[in-house]
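Read the structure below first, then the notes.
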Amino acid sequence: RVPVVDVQNDNFTELWPSMVLALRTATFVAVDTVRRGGGQRRGGRWRGRARGAADGCLPAGAERPWRQEVAAEPVSAANTYLCQIYNLTLLCMEDYIVEPQSVQFLVQHGFDFNKQYSQGIPYHKGNDKSNENQSQSVRTFFLELIRAKKPLILHNGLIDLVFLYQCFYAHLPDSLGTFTADLSEMFPAGIYDTKYASEFETRFVASYLEYAYKKCKRENCKLKDSGSQHLTIEFCNYSANMSRYIDYRHCALEEESHNVEEGNKVPVCEKFSAYGWCPKGAKCPQSHNIDLIIDQDDKILEKRKKRKHKWKRRKNTEEPAKAFGQESSGKEMELTQNGEGPPRKQSCYEPAAAMELAEIMPNSEGRPQEENSTDTEAACAAEKQKETHGPPSHGGIHRAGFDAFMTGYIMAYVWMLKKGKSTGTATGPWLPDCHNKLYLSGKSVPLQIVKSLFSKSSKAHSQKMKLAWDSG
């Protein structure tokens, strides 16, 4: 069971000391935000320079009711972490616009809007007002996160960073270069994206959050069973008076519906399998069960390995051209695994699958739906919010607070693997290959969080940094 501490307006002050202590003593902090969706998108800020990455994704009117945070603190044993998870229910005190479809989606998946409007922690966007940083608020808590100087972990985190900056820090800068310059100074220990790590480090064939988490968990269990070094997660034993704040999430290695669906031979939804999102949602007759999806991928990978081995044996035979033609897909996979971009699902290469995917790109209102176009893999149908229970089509363990836990788990696992391969004691970044690299949808290169020679920090950021260290 994974304990999630529910933080809202009536217990925010009470839990403040424990949250700040968690930040200050953590090895890293994983953050995830869940947005209400849509809304009016004013202006075209950054579109010229970030098109394809942040185009149409700026949360000008897209408020997010939850902010989820995980602080992972190492304990005595190697690769063992004490994990604390806080789920902050927030309420924007300014006017905003929401999309009915997004609200319906959240209600269907258990979000309590009554609770948000009655107990949400209030905040406003943009720059500070008067002397509010002298009080305990979400903005001052965000300053505590900056003061902690810990590695910041996100999943597909560009839009998360835009939201955090705009809502708890200052008005967004006019250019993407200024924004990344500010971020590099705000988080000197580095920003790490588990979606980027899942594709370019562990080289999973899919990289949406739940897939990457369950894949890491499965591989970690194999390491444990074989007696190899493995990841261990521990949780706090909370006192009785805090029990009313704790929401436990059950996290089995495989979901109970796994064997049921496998026994019933429910076919896997190829679109959901590849991208963690399906346009049919709950109406899809096929399975969205991540365990079944991973089982299928493992079988395909095993077949590809055999085919690759067979191709290698044949390439020096009397008919090399014929062998090459028969095993071209095997060579294609070999090139991919040797670093020619991230690995892709088999269905993505097939013309029929590509045509089907093209058909679902525009939604019913004519807005583009890119595979991973936002932090939630696809606009309103956020893969981070998928519900476990329901018809066969509804796989998933996404819950408030739990997504941040999955994000932190993935990065802890990747870090363990990288440490196991390295020798000596490096004094550089925490995880060099993923340091300050944000995943960009549809791009083979990440967005680098750096301060270039041609970009200056924003004035608002400079003032906030001075405030952070003068009052810290």
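The values are calculated or read from the model by the stated rules, or taken from the named source; none is laboratory data. Nothing here was measured: the structure is a model prediction, and the numbers come from that model. Glycine also receives a Cβ, built like all others from the backbone with ideal geometry; neighbour counts cover every protein chain displayed. Side chains included, ligands, DNA and RNA excluded: accessible areas come from the protein's heavy atoms. Shrake-Rupley method; radii C 1.70, N 1.55, O 1.52, S 1.80 Å.
Is it the case that region 324-336 has a residue that's open to solvent by 50 Å² or more (accessible area, probe 1.4 Å), modelled with pLDDT of 70 or more and part of a helix (DSSP H, G or I)?
no
Quick one: is Ala404 of a type outside the set (S, T, N, Q), under 30 Å from Glu99 (Cβ atoms), at pLDDT 60 or above and assigned to a helix (DSSP H, G or I)?
Details: of a type outside the set (S, T, N, Q): yes; under 30 Å from Glu99 (Cβ atoms): yes; at pLDDT 60 or above: yes; assigned to a helix (DSSP H, G or I): yes.
So Ala404 passes the test.
Could you pull out the residue among Ala181, Ala212, Ala197 that is surrounded by fewer than 23 Cβ atoms within 10 Å (Cβ to Cβ) and either small (Gly, Ala, Ser) or more than 18 Å from the chain's Cα centre (by Cα) (or both)?
On the way: Ala212 fails: surrounded by fewer than 23 Cβ atoms within 10 Å (Cβ to Cβ); Ala197 fails: surrounded by fewer than 23 Cβ atoms within 10 Å (Cβ to Cβ).
Matching residue, one of Ala181, Ala212, Ala197: Ala181.
Checking Ser118 against (1) surrounded by fewer than 19 Cβ atoms within 10 Å (Cβ to Cβ); (2) in contact (Cβ under 8 Å) with a residue 24 or more places away in the chain: exactly one of these is not met. Which one?
All conditions pass for Ser118, except number (2).
Of the conditions (1) at pLDDT below 90; (2) out of contact with any helix residue (DSSP H, G or I) (no Cβ under 9 Å at 6 or more places or on another chain); (3) part of a loop (DSSP other than H, G, I, E, B), Pro188 fails just one. Which one is it?
(1)
Please list, ordered by first then second residue, the pairs with beta carbon atoms under 7 Å, 6 or more apart or interchain, first in region 78-93 and within 14 Å of Thr27 (Cα to Cα) and open to solvent by 20 Å² or more (accessible area, probe 1.4 Å), second acidic (Asp, Glu) and assigned to a strand (DSSP E or B).
Leu82/Glu73; Leu82/Glu234
Can you tell me which residue is modelled with the lowest pLDDT among those in region 419-472 that are loosely packed, with under 10 Cβ neighbours inside 10 Å and not in a loop (DSSP other than H, G, I, E, B)?
By that ranking, first place goes to Lys421.
Of everything in region 215-245, what is in a helix (DSSP H, G or I), farther than 21 Å from Ile293 by Cα and in contact (Cβ under 8 Å) with a residue 12 or more places away in the chain? Give them in sequence order.
Met242, Tyr245
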